[in-house]
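Structure first, commentary second.
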Amino acid sequence: MYNFIQKFHSGWAYLALLLLLVAVVNAIIGVTSKKEFTAKDRKIGLFALIAIHIQLLVGLILYFVSPLGKAAFGQMSNAALRLTSLEHPLINLIAITLITIGWSQHKKLINSEDKFKKFAIFYGLGLVLILIRLPWSLWFQK
């Protein structure tokens, strides 16, 4: 079961990151081109939000069923264990919180440019945080 969850978490990450990247690029294009915010733009943001939240749920399940999760707390001097047990989950929680705030904030706005800015800022910050705390060595190890 652990291996399946771990592989699903790693595989789903590609889709979640792709959708998040598309949402950020779409928002930047929307701000720079001054286009109208449409239902398509809302759906792009929503799909990215859903994918990231699924990734969070699977990551939390993985964290609590992982044999490394509890054992790593006594070994915080080990950089690889600290990354997977503390830094990656904590920074990603912050990133997902920012993305969720961006989604909530955009709904309160009327102006299209402001909606795109909220997505660009909050989704963009979330994307950057996720990318800087991915365990890249584990992804490219296989």
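The values are calculated or read from the model by the stated rules, or taken from the named source; none is laboratory data. This is a predicted model, so every value here is computed, not measured. Neighbour counts run over all protein chains shown; Cβ positions are idealised from the backbone, glycine included.
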Quiz item: Does any residue in region 73-99 that is within 25 Å of His53 (Cα to Cα) and at pLDDT below 90 come within less than 8 Å, Cβ to Cβ, of a residue that is surrounded by 16 or more Cβ atoms within 10 Å (Cβ to Cβ) and among the basic types (Lys, Arg) six or more places away or on a different chain, and which pairs are these?
Solution: Leu83/Arg133; Glu87/Arg133; His88/Arg133
Quiz item: Among Ile50, Ile54, which is within 17 Å of Lys7 (Cα to Cα) and surrounded by fewer than 16 Cβ atoms within 10 Å (Cβ to Cβ)?
Solution: Ile54
Quiz item: Of all residues in region 1-34 being modelled with pLDDT under 95, under 24 Å from Pro89 (Cβ atoms) and exposed (fewer than 15 other Cβ atoms within 10 Å of the Cβ), which is farthest from the chain's Cα centre (by Cα)?
Solution: Met1
Quiz item: Which residues, counting only those in region 6-37, are touching a Gly at 6+ places or on another chain (Cβ under 9 Å) and β-branched (Val, Ile, Thr)?
Solution: Val24, Ile28
